[in-house]
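Take a look at the structure set out below.
The values are calculated or read from the model by the stated rules, or taken from the named source; none is laboratory data. Note that the structure is predicted; figures quoted are calculated from it, not measured. All Cβ positions, glycine included, derive from the backbone under ideal geometry; neighbour counts span all protein chains shown. Areas reflect the complete protein model, heavy atoms only, side chains present, ligands, DNA and RNA absent. Shrake-Rupley method; radii C 1.70, N 1.55, O 1.52, S 1.80 Å.
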Amino acid sequence: MNFTGTVTSNFMMNSTLGLLIVSQQLLLIGGGLKPLAAGALTLGYPLMVVLFIRAGERLLRRYGPRKPMIWGALLVALAAPCSCRPTSYSHNTNGSR
């Protein structure tokens, strides 16, 4: 049971990566975006993971493993509602694009 937080964190990271693959398909097919635009919209997640690896290592050394993992979970919990805001999407019902 010592690795419960690590396993949970890894599961959530991998789930998010899988969700990015699905969301790209939704943006392409359902949203009608071009591949470059859909890729650009989902590029932020992997970039931030790579850019903040060093910051995470510093936090881990300074505060231990527990606090940074809690902070990360809280940050995601606070940011998630921001990504679910309503948009001005107009649905076309006649089937044409």
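Could you list, in sequence order, all residues of region 45-72 that are assigned to a helix (DSSP H, G or I), small (G, A, S) and without any contact (Cβ under 8 Å) to a residue 60 or more places away in the chain?
Taking region 45-72 as the starting set, the residues that turn out to be assigned to a helix (DSSP H, G or I) are 45-51, 53-63, 66-72.
The next check asks that each one be small (G, A, S); those that pass are 55-56, 72.
Those that are assigned to a helix (DSSP H, G or I), small (G, A, S) and without any contact (Cβ under 8 Å) to a residue 60 or more places away in the chain: A55, G56.
Looking at (1) surrounded by 11 or more Cβ atoms within 10 Å (Cβ to Cβ); (2) free of Cβ contacts under 8 Å to residues at least 12 places away in the same chain; (3) closer than 20 Å to M69 by Cβ, which is the one condition that is false for G5?
Among (1) surrounded by 11 or more Cβ atoms within 10 Å (Cβ to Cβ); (2) free of Cβ contacts under 8 Å to residues at least 12 places away in the same chain; (3) closer than 20 Å to M69 by Cβ, G5 violates only (2).
Among the listed residues L36, L43, which satisfies the condition of being over 30 Å from P65 (Cβ atoms) and open to solvent by 50 Å² or more (accessible area, probe 1.4 Å)? Before you say what the answer is, go through the steps one by one.
Numbers: L43 fails: over 30 Å from P65 (Cβ atoms).
Being over 30 Å from P65 (Cβ atoms) and open to solvent by 50 Å² or more (accessible area, probe 1.4 Å) holds for just one of L36, L43, which is L36.
Report the residue count in region 49-85 for those that are more than 19 Å from S15 (Cα to Cα), at pLDDT below 85 and open to solvent by 100 Å² or more (accessible area, probe 1.4 Å).
2
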